[in-house]
C-alpha cells in the first residue's frame, strides 16, 4: 500500500472530523476540486471508494504502522479503529432510539 502524502493525510483528518470538501478547501485556501483530487488519490492508495472507508482505512493503517517494530511514537495521536467503531455504534443506537420514539409517538397520536 502506498503511503499517503502529508496533504492527503491532512485532508483525510479533516474529513474524519466531519468537514465538507468546500469547508476544507476554504480552510486550506485551495479549490474544492483540489480537495476532491487529494481524496481520489487517497482512496486509490487505501483501496477504498468512499469517505467513511477512507477514514477507517487511514486510521487502521496508521495504527498498524504505529505498532510496527521500529516505528516512531512521535506525531499526533489518533483514535483506534475500535474506539471509532464503538463511537459510531453508540451514535447509531442513539439515532435508532430517536426514530423508535418518533414512530411510537406518531402511532399514539393516530390511535
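Rule-based calculations on the coordinates, nothing more; no lab input. Source: prediction; values computed, not measured. Counting neighbours? That spans all protein chains shown, and the Cβs are built from the backbone with ideal geometry, glycine included.
The table that follows gives values for the structure above.
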{"quantity": "Residues in the stretch 2-28 reached by a label modelled at residue 49 [backbone nitrogen below 15 Å; 7 Å Cα→Cβ]", "calculated": "none"}
{"quantity": "Net lengthening on full extension, residue 34/residue 20 (0.36 nm per residue, minus Cα-Cα)", "calculated": "3.7 nm"}
